Each structure stands twice: as structure tokens, then as C-alpha cells.
Amino acid sequence: MLHTCQLITKQKNKYDRDQLLQSKRNMKSLLIVDLIIITFVLSSARRFDSAKVFRVKPQNEKQVNFMRNLATVIQPIDFWYPDSALQIVNQMEVDFLVSADQTENVEALLKDNNIHYEILFQNLQEDIDKQLDNKRNSTCKHSYTKYNNWPQIYSWITRIARKNPELVSRIKIGNTFENRPIYLLKIGKQRDAKKAIFVDCGIHAREWISPAFCQWFVKEAIRTYGKDSSMKNILDNMNFYIVPLVNIDGYVWSWTQDRFWRKNRSNASSNACVGVDLNRNFDVLWGTVDASKNPCEEVYCGSSPESEPETKAVTTFIHSHLSSIKAYLTIHSYSQMVLFPYGYTYDKVPNYNTLNGLAKGAAKAIASLYGKKYKYGASASTIYPSSGCSDDWAYEQGIKYSFTFELRDKGKYGFLLPESEIKETCQEIMLAVKFLANYILNQT
Ligand code: DDK
Ligand code: ZN
């Protein structure tokens, strides 16, 4: 069903009109390539029948070590939270995926070591199939309350810019490793507003709610511009730079081959393992704390800072607009948090009190709608330490308001957040973004 849908969208997109002949030609050949790849992989997407997701909360250092070692004893284990065994600490809820043939081993090992565990997913494939649960709109059309694949997002980007020239323009900021065009949507009434907020979505492929939020944000900004005086005030006085999907290659891979793919798809290293964690590839204390130099790890930081074209696209754009960009927001999932620098050290940033107050205000705005509780605080102490991350990098460029959002949920569905929760999640985060935008506007 899903795959038939993808094929139809791809064929349709192939004929989608594009203003630029050159990019039309590129895209067309790209879509044909995609089509061939999709057809080829129809039957080869990784399946997760009877795979399980476990949750363990280590009670002491011995159990921490046991958990860190587990990944070397049992393979494959895919850590969902934290993203790598390296980041496990005492009392942290650790969620990890175990393939069907290893679940018995893992349960036996946990029991032998008296480690308490919960099973979050009994048969992961069933939940993967259930994620696309928006029945009301089961056609292949783009929808804000569905997860859209890349061809759908691509034509949406083109269309929304074409239909709203007064408020929206489309800028290409680079190409991915597999040569897909990375687009940015500039939103705002003034061509050169003095202030701007940069927002990126989809740095990590499997976090599907993230690009869904960027699409929602653009739509809501346009829809409410004429109706809501606060949105009008924001868009009359500042610009938003929205990148709806940074890691396009990884996202395509997560739709077609492996639902839980996190990294990009570069294989520049001579190693057999593919992909760099883009949120470890930024040039800030690169490759130091809790990032890996091993290409086979989920948190592989790449061969050098900004080695990846997706990272480069983001940093190049931000660099050339530094005088106006006052805030940097990056959207991830899951765990419900509002985070700010630093991630690479427990030291406090100079404007810690301001950022903490803003994160608290953002969390409060989120909770005001549906009561969802988001934790807030500095990355290193609130989630886990990490280096080479985009928020720390933006902060060090002088963007003093830099935040990472971890959207819903807290592990019930994890990356498989049902489509029926897209609307509420986006609405609550929208309030947080508007709260931050108003603060930035009122700053002289
Ligand atoms: O990249 C990560 O591991 C998560 C998002 Se899934 C964010 C880590 C903390 C924010 C960066 N300092
Ligand atoms: Zn992420």
C-alpha cells in the first residue's frame, strides 16, 4: 500500500513543473533514479517481524557497564535512546532495538544479571505498519497530518513557494551526498528584515515528526498571517529560514530500506559502513565527547568537521546570513525536551540564565495546550554530553539563542509516533516557536 503510493507519487512528480529548467532536468533524472531504486527495493526493505524494543534503567555502575557491553556481545543492537551505548549513564532510561533472533538471548542475559526490563514493542513490524494511521486521508496526496515521503515534500516545497510569493521564497542551499537538492523556505513580508530565525528539520532520518513540524510551521505561518495579529507582527518584522528536510538521503532510506536509519548516506570512508551522524559533524569540539570516529557507529562524526555536504549546506547559509540570524532552532525527536548549549561541556554558557528562562517559557507554552511536559535545560546535563552538534556550533558563531527541540513522545511510540499525534505535536511546538520569536522581536 505504502509502496504503491510512493510509486504513484514519484511518477506524478516526474511530470511536476518546475520553474528552473536546469533544476527540472536534474530533479527529473533524480526522480527516475529514485523510481528505479524504489522498484528495486520494494521487496528488500528491512523487516522487523518479532523484533523487540527493550527499556532498561541501570541501577548502578555494574549495570551501566553491562549495558555498554551488551552491544558488543549481541549484534545487531540499535540504541534508540540514548543514540549510542557510549552515552549510557546510571539511572538513564535506555531504549534499544533487538532483532527477532536475538531477543531470547538478551532476555536471558538481562535475567541472569538481575536487570529489570520492560518491553516497549513486542513485535516492531506491527507497530511500523500501524504508524501510518491517518485513515481519513489515505490517498497519496501531501497532507499536514500524515508523514510525507521526499517526493511529496519536494513538490510541496515547490508549490508552497509558487503559491505564496508575497510571503515565501525557495532557496537552494546545497545538495546531499546522493545529489538531491536541499531547499530552504524563506518566510516573511520584508525581503531584508533585520532579524531572522533559522529552523532546520530532519537532521536525523528516522525522526519523522521533525520534517512534519517544519511543513506545519510554514503552512500555519501563511494561514494565520492575515488572521492572527501576533503572527502578522512576527512576519512583518522578521524572517524565518526554514529547512524542511536536511538529511534527505537518510530520510529516503528510512522510507524505503530501514525505518530506523539515523545518519546520512555518505560512504566516503573506505570502511564498509555507511553514514555520518550529521549532528556530530559540526565544527565545534568535533570528535571529542561522545562522538565516534568509527564509521560503523550511530554517532560517527565523519572524517573531518563539516565533511558532509548536508552539514556544509547549513553552515554556509548560516555564515552568509549571520548578521540577521538571531536564533537557531533544530528539531529532533523523541524524549520531549527543550535544550540549549552547551552539549560538549557541563560548563554554563554566559547567558545561561536567559536561555534557561526562555527554555522554561517554551516548555510552559507547550504544556499550556495539551499538558505535555517537556524537560528543559542545558544539553550536557539534561540529555547527555555530545560534541560537534549544530546548536553548539550556531551558538559559537554568535547566535546567542540556540535551541534543540526533542519532540514527542517519551518512548511509548518513539520514532513511530502515530500520524494521529502529528497535529497536536505541531500545535504545541508552534506555540513555543512563537514565544521565542516574540522574545527576539522585543529585544532591541
Ligand atoms: O543528536 C542527538 O543525539 C540529540 C538529538 Se536526537 C540531541 C543531542 C543534544 C543536543 C545537541 N547539543
Ligand atoms: Zn535527532
ask   = Residue by residue, what Karplus-based ³J(HN,Hα) values in Hz, rounded to whole numbers, does region 155-172 have, using 6.51, -1.76 and 1.60 with θ = phi - 60° and x for Gly and Pro?
value = 6, 5, 4, 4, 5, 5, 6, 5, 7, 10, x, 5, 10, 10, 9, 9, 10, 8
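Counting other Cβ atoms within 10 Å of each Cβ, which trypsin sites (Lys or Arg not before Pro) in region 47-132 have at most 14 and sit in a DSSP loop? Walk me through the numbers on the way to the answer.
On the way: sites: ARG47, LYS52, ARG55, LYS62, ARG68, LYS111, LYS130; in loops: ARG47.
For trypsin sites (Lys or Arg not before Pro) across region 47-132 that sit outside H, G, I, E and B with at most 14 neighbouring Cβ atoms in 10 Å, the list reads ARG47.
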request  = For LYS312, go through the aspartates and glutamates and keep the ones whose alpha-carbon is under 18 Å away, minus same-chain ones fewer than eight residues off.
outcome  = GLU178, ASP200, ASP249, ASP277, ASP283, ASP391, ASP392, GLU396
ask   = Could you name the lysines in cross-link range of LYS52, using Cα to Cα under 22 Å and dropping any fewer than eight places away on the same chain?
value = LYS111, LYS130, LYS263, LYS410, LYS412
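Would you calculate a helix-derived [θ] at 222 nm for the chain, using -39,500 (n - 2.57) for each DSSP H run of n ≥ 4 and dividing by the full residue count, to the nearest 500? Numbers along the way, then the final one.
Details: 14 runs with 177 residues, N = 444.
Estimated from H runs of four or more residues: -12500 deg cm²/dmol.
Where both partners of a DSSP beta bridge lie in the chain, what percent of those bridges are antiparallel, to the nearest 5?
Around 50 percent of the beta bridges assigned by DSSP in the chain are antiparallel ones.
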message = If I build a Gaussian network model for the chain, linking alpha-carbon pairs within less than 10 angstrom, which residue out of THR256, THR316, THR425 has the largest mean-square fluctuation?
response = THR316
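Net charge around TYR395, counting only other residues with Cβ within less than 14 Å of its Cβ (Lys, Arg = +1; Asp, Glu = -1)? Don't jump to the answer; show the numbers that get you there.
Numbers: positive: LYS326, LYS348, LYS400; negative: ASP283, ASP347, ASP391, ASP392, GLU396.
Net charge around TYR395: -2.
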remark   = Taking only the Cα positions of the chain, the convex hull volume per residue in Å³ is 139 Å³
key: Burial ranking of peptide ranges 172-180, 160-168 (average Cβ count within 10 Å, highest at the top)   = 172-180, 160-168
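Students often check this: by mean Cβ neighbours within 10 Å, which of 339-349, 147-157, 118-128 ranks highest, and how do the rest follow?
Details: 339-349: 21.3, 147-157: 22.8, 118-128: 16.7.
For the peptides 339-349, 147-157, 118-128, the packing ranking is 147-157, 339-349, 118-128.
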task = For TYR401, enumerate residues with amide H under 5 Å from its amide H, sequence gap 5+ or separate chain, H modeled in the peptide plane.
result = TYR328
query = For LYS146, which aspartates and glutamates qualify as cross-link partners when the Cα separation must be under 12 Å and same-chain residues fewer than eight apart are set aside?
reply = ASP133, GLU419, GLU421
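What translational diffusion coefficient, in µm²/s and rounded to a whole number, does the Stokes-Einstein relation yield for region 174-217 at 4 °C and a viscosity of 1.567 mPa s, taking the hydrodynamic radius as the Kirkwood radius over Cα pairs? Let's see the in-between values first.
On the way: Rh = 12.5 Å.
Reported coefficient: 104 µm²/s.
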task = Report the trypsin sites (Lys or Arg not before Pro) located in region 177-244 that are in a DSSP loop and have at most 10 other Cβ atoms inside 10 Å of their Cβ, or state none.
result = ARG191, LYS227
Computed over the chain: relative contact order in percent, which uses C-alpha pairs under 8 Å that are six or more apart = 15 percent
request  = Could you please report the charge total around GLN190, scoring K, R as +1 and D, E as -1 over all other residues with beta-carbon less than 14 angstrom from its beta-carbon?
outcome  = +3
request  = Just name one of LEU97, SER143, ALA85: the one whose Cα is farthest towards the positive end of the charge dipole of the chain (beta-carbon charges, Lys/Arg +1, Asp/Glu -1).
outcome  = SER143
query = Amide H of PHE340: which non-local residues (sequence gap of 5 or more, or other chain) have their own amide H closer than 5 Å, using H built in the peptide plane?
reply = GLY377, ALA378, SER379, THR404
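Hey, got a sec? Which trypsin sites (Lys or Arg not before Pro) in region 358-444 land in a DSSP loop and have at most 14 other Cβ atoms within 10 Å?
On the way: sites: LYS360, LYS364, LYS372, LYS373, LYS375, LYS400, ARG408, LYS410, LYS412, LYS423, LYS434; in loops: LYS372, LYS373, LYS400, ARG408, LYS410, LYS412.
Counting only loop positions with at most 14 other Cβ atoms within 10 Å, the trypsin sites (Lys or Arg not before Pro) in region 358-444 are LYS373, LYS412.
Every number in this text was worked out from the coordinates using simple rules, so none of it is lab data. All values derive from a computational prediction rather than experimental measurement. Every residue, glycine as well, gets a Cβ built from its backbone with ideal geometry; the counts of neighbours run over all protein chains shown.
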